Amino acid sequence: MKDIFDATPKNLISKVFLEEKVFQTWYNGRSVLIGDACHKLLPGAGQGAVMAMKDAIVLANCIYNMKDLSDESIKTAFASFYRQRYPEAENVIKSSAFFTKMMFGHVRILLQSGAVCKTSIVE
């Protein structure tokens, strides 16, 4: 990897910031989002795939229970999906943030104290 980074021009390297977030809008018209598209978790949480699968199951059930294919039925199904999944997504994000701080918060303290050195690929 070092060779790849060394050979790549600095202006083509970008940092990716990881964040956890639950978005307020999960659907619009006939389009709906599931998984990380509507509730992003840090990879270390180990919950991203599980949450996406739960979303898919609940959404499939909501679509299955639609009385017809009208825009109103679709909107009702998507709204039901959102109401069922949003509370858990919000709770998982809060729990993940807590456990991330608990597990990795010591790294920030060590960096601030000077006990370890911070290195960066891009300067």
For Glu88 and Ile63 in one chain, what is 0.36 nm times their gap in residues minus the Cα-Cα distance, to one decimal in nm? 7.0 nm
Cβ crowding within 10 Å averaged over residues, with 86-95, 23-32 ranked highest first: 86-95, 23-32
Take the Cβ-Cβ distance between Phe99 and Ser73 as r, set R0 to 41 Å, and report the resulting FRET efficiency rounded to the nearest 0.05. 0.55
Any of Lys2/Lys54; Lys21/Lys67; Lys40/Lys67; Lys10/Lys94; Lys21/Lys75 with alpha carbons more than 30 Å apart? Name them for me. Lys2/Lys54; Lys21/Lys67; Lys40/Lys67; Lys10/Lys94
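Read the figures in this text as sums done on the coordinates, not as results from a lab. Here the structure is a predicted model, which means the values were calculated and not measured. In this analysis, Cβ positions are derived from the backbone assuming ideal geometry, glycine residues included, and neighbour counts consider all displayed protein chains.
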